[in-house]
1. Please determine, by comparing only the residues of the range 1-28 that are modelled with pLDDT of 95 or more and hydroxyl-bearing (Ser, Thr, Tyr), which one is farthest from Arg84 (Cα to Cα).
2. Could you please give the count of residues in the range 41-65 that are closer than 21 Å to Tyr145 by Cβ and surrounded by fewer than 16 Cβ atoms within 10 Å (Cβ to Cβ)?
3. Just to be sure before I move on: is Ile166 closer than 19 Å to Ser28 by Cα and in contact with a Pro (Cβ under 9 Å, 6 or more places away or on another chain) in the structure I sent?
4. With Glu162, Glu132, Glu115 as the choices, which residue is part of a strand (DSSP E or B), assigned by TED's automatic domain parsing to the domain that holds Ile210 and charged (D, E, K, R)?
5. How many residues are surrounded by 15 or more Cβ atoms within 10 Å (Cβ to Cβ) and touching a helix residue (DSSP H, G or I) at 6+ places or on another chain (Cβ under 9 Å) if we restrict to the range 110-133?
6. Which of the residues belonging to the range 134-171 are within 23 Å of Thr208 (Cα to Cα) and surrounded by fewer than 15 Cβ atoms within 10 Å (Cβ to Cβ)?
7. So the check is Cβ under 7 Å with 6+ separation or different chains; which pairs have a first residue in the range 30-52 that's closer than 18 Å to Glu70 by Cβ and a second one that's at pLDDT 95 or above and of a type in the set (Phe, Trp, Tyr)?
8. Please go through the range 181-207 and give me each residue that is modelled with pLDDT of 95 or more and farther than 18 Å from Thr16 by Cβ, ordered by number.
Amino acid sequence: MLARTTNNWYDLTMKTKLFIDFDGTIFSTLAFRDKMFEIFTMAGFEEDEIKSTYAAESLDYLYSAEGNLERLHKIHEYDIEKARFRMDKLIKTSKDFMFSDFEEFIRSVDREKYELNLITLGDLEFQKAKVEASGIVRYFDNVYYCEKQKWDYLDELVELNEKFIIIDDRADNMEKIGKKFKRSFPILMDRQQKDLADPYLSQQEQYTGIKVKNLKQAGQYL
């Protein structure tokens, strides 16, 4: 499924496509996750119950807060409506979880040279809610919400021999995109934050391609 929003502010002819991931790259997913865990704790759940349901909900890479709430409800009954209310309030504060280097970086990108695209994998409703609440849509020419791995989703957006740049925090994404799209320029974002539900983040140290610790370093390759 191709879910896309577009801002027609710029002539995109002959520009190099620059794709930027959301979770873990420009948005502190772990800080947001910790706040979600607080909501689950207030609902009466133990740490092991929270971690196990979060991991299970994340297995297919289509995590949604609603799905996590439903999984917890199967363990024991609780005031799920109150938890939903708290979750909605948290999502509306998504702007507070943007990494501090995002705005300076995004304003420094040469818009005459690059077509700027946000690309994010996950539950469409949950991802769209976070992205829109973060207030960043206005910075991008296109926003792509995908439900399949990016190395496959990109088939819909670029030619096999097209030159483009992608910044993402998953080593497996960068490895597979680099091998599939020979003229691509993958940049691995390694902010050294670990997510218990994403085993691919443990592969960061083995990645042999270009790796950066923040967006300022990524900007040096543009």
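The values are calculated or read from the model by the stated rules, or taken from the named source; none is laboratory data. This structure is a prediction, so every number in the text was calculated from the model and none was measured. For neighbour counting, all protein chains shown are included, and Cβ atoms are generated from backbone atoms with ideal geometry for every residue, glycine included.
1. Looking at the filtered set, the residue picked out is Thr16.
2. Here the count works out to 2.
3. Working: closer than 19 Å to Ser28 by Cα: yes; in contact with a Pro (Cβ under 9 Å, 6 or more places away or on another chain): yes.
It is true that Ile166 is closer than 19 Å to Ser28 by Cα and in contact with a Pro (Cβ under 9 Å, 6 or more places away or on another chain).
4. Answer to the selection: Glu115.
5. 13
6. Within the range 134-171, Asp152, Leu160, Asn161, Glu162, Lys163 meet the criteria.
7. Ala43/Tyr78; Gly44/Tyr78; Ile50/Phe37; Ile50/Phe40
8. Step one: of the range 181-207, the residues modelled with pLDDT of 95 or more are 181-189.
If the condition is that a residue be modelled with pLDDT of 95 or more and farther than 18 Å from Thr16 by Cβ, then Leu188, Met189 are the ones that fit.
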